[in-house]
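Take a look at the structure set out below.
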Amino acid sequence: MLIEQNFTKKINIKAFQHDLITWFKREQRNLPWRKDKDPYKVWVSEIMLQQTRVDTVIPYFNRFIDWFPTIEDLAEADEDKVLKAWEGLGYYSRVRNLQSAVREVKERYNGEVPDSPKKISELKGVGPYTAGAILSIAYGLPEPAVDGNVMRVLSRILIIEEDIARPASRKVFEKAVRELISHQDPSSFNQALMELGALVCTPTSPACLLCPVRDHCQAFEEGIQDELPVKTKKTKTRHVQLASVILMDETGKFLIHRRPDQGLLANLWEFPNVEMLSSFQHEREAVRQQLKDTLSLDVQLEKIIGQIEHVFSHLVWNIEVYIGKLNSSVEENQEWKLVTEDQLQDYAFPVPHQKMFKLFQEYE
Ligand code: SF4
């Protein structure tokens, strides 16, 4: 059970807000989603920034807004095109949820992102952090936007020793933000906390000597900033052994497969692959048989062209990559397609499958 504590009682709140916001206005990075306060753009950027670094997100964001400049454009877009715009960013359920939520905004709210905490939180994929970010940044409401980054910063400034890996701890940090947030400028306040976590109060070696709120930081005063936040280790990672094959028919077209519409990387395209029970160096015949048994593909495997490791949050794929030829014809449908190299560009593939094709091109 969390014990109610008044973490903010030692802090001069007005001076803290002033120092933090002044620094932010001077030092903030020039990021494309900060150009205007359009709630749709704030929303897209916050969804992209979950689990992805700012530098990676910038070109994706620009292209996404170029392709889908408004809520209506995204609501009406073809899912394959939306997945293509997200290709390589990972965690694809984020964009699927975004599109269904945007459709709901179009239908229920006439295309206007709601500015009420209750209504916005009911949208698919909009958790408390995203809701708080949109409400504060786009609508100027004093709502907390607490993610791991903000929890780290506040755990140090206020010496909060709750385990930030526990979902229940977020409430403690939200309460602290409600007490600290500037009511004159909630947008800058929340963004400043995020920016401080990204640029100064980083996970390892916080740059305390350059920190604009060092005078308010209790962990710095006690010299314990490196011991915070408290965070328990993640659950154990599962390793999956896969054999994947770049398969061509007699005309030189590639066989690709659409993943199921539920679960990991749902609806993305991939090269045919099967799970193997043992680790690398499978017998070629075992792989061939497995392709026949699980995917009903009759193939001739030629060579192994490489191995790829891809790490998800709790899962690692170890993939042995083959090239091969189809022995019999395959009927094309929603799940299977035969495409030319140029046509491959029209389909969204997850990163490990993009890497496989790169291996193939290097091998050729
Ligand atoms: Fe983080 Fe150090 Fe600044 Fe405290 S003084 S907020 S630990 S960078």
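In what sequence, largest accessible area first, do Tyr40, Tyr363 appear using a 1.4 Å probe?
On the way: Tyr40 5, Tyr363 105 Å².
These residues rank, largest area first, as Tyr363, Tyr40.
In terms of the Cα gyration tensor, with a ≥ b ≥ c the square roots of its eigenvalues, is segment 238-363 rounded because a/c is under 1.5, prolate because a/b exceeds b/c, or oblate? Verdict is rounded for segment 238-363. Helices in the chain, meaning DSSP H runs of at least 4 residues, each add -39500 (n - 2.57). Divided by all residues, the mean residue ellipticity at 222 nm is -12000 deg cm²/dmol.
Largest to smallest in accessible area, the residues Glu27, Glu162 fall in the order Glu27, Glu162 (1.4 Å probe, all protein chains included). Surface calculation, 1.4 Å probe, protein heavy atoms: Met276 sits at approximately 20 Å² accessible.
Oblate is the label for segment 1-44, because a/c, from the alpha-carbon gyration tensor with a ≥ b ≥ c as root eigenvalues, is 1.5 or above and a/b does not exceed b/c. Residue-normalised convex hull volume from the C-alpha trace of the chain: 165 Å³ per residue.
For Thr294, the accessible surface of its heavy atoms amounts to roughly 90 Å² (probe 1.4 Å, protein chains only, rounded to the nearest 10). Taking 0.36 nm per residue of separation and subtracting the current Cα-Cα distance, fully stretching the chain between Phe312 and Tyr91 would add 78.7 nm.
Name the longest site-free stretch of the chain, where the excluded sites are trypsin sites (Lys or Arg not before Pro) in a DSSP loop with no more than 14 other beta-carbon atoms within 10 Å. Walk me through the numbers before you get to the answer.
Values: sites that count: Lys9, Lys10, Arg29, Lys35, Lys37, Arg53, Lys124, Lys233, Lys234, Lys236.
The segment 237-364 is the longest one with no such site.
Helix 39-49 and the longest principal axis of the Cα set of the chain meet at an angle near 70°. The angle separating the long axis of helix 351-363 from the principal Cα axis of greatest extent in the chain is about 50 degrees.
Distances between placed amide hydrogens fall under 5 Å for Ile11 paired with no residue 5 or more residues away or on another chain. Helix 93-108 axis versus longest C-alpha principal axis of the chain: approximately 70°, rounded to the nearest ten.
Sorting Ile71, Ile58 by accessible area (1.4 Å probe), largest first, what list results?
Numbers: Ile71 10, Ile58 50 Å².
Final ranking, largest accessible area leading: Ile58, Ile71.
The values are calculated or read from the model by the stated rules, or taken from the named source; none is laboratory data. Since the model is a prediction, treat every value here as computed from it, not as a measurement. Here Cβ is always computed from backbone atoms with ideal geometry, including for glycine, and neighbour counts include all displayed protein chains. For the accessible areas, the whole protein counts, side chains as well, though only heavy atoms, and no ligand, DNA or RNA atoms are used. Shrake-Rupley method; radii C 1.70, N 1.55, O 1.52, S 1.80 Å.
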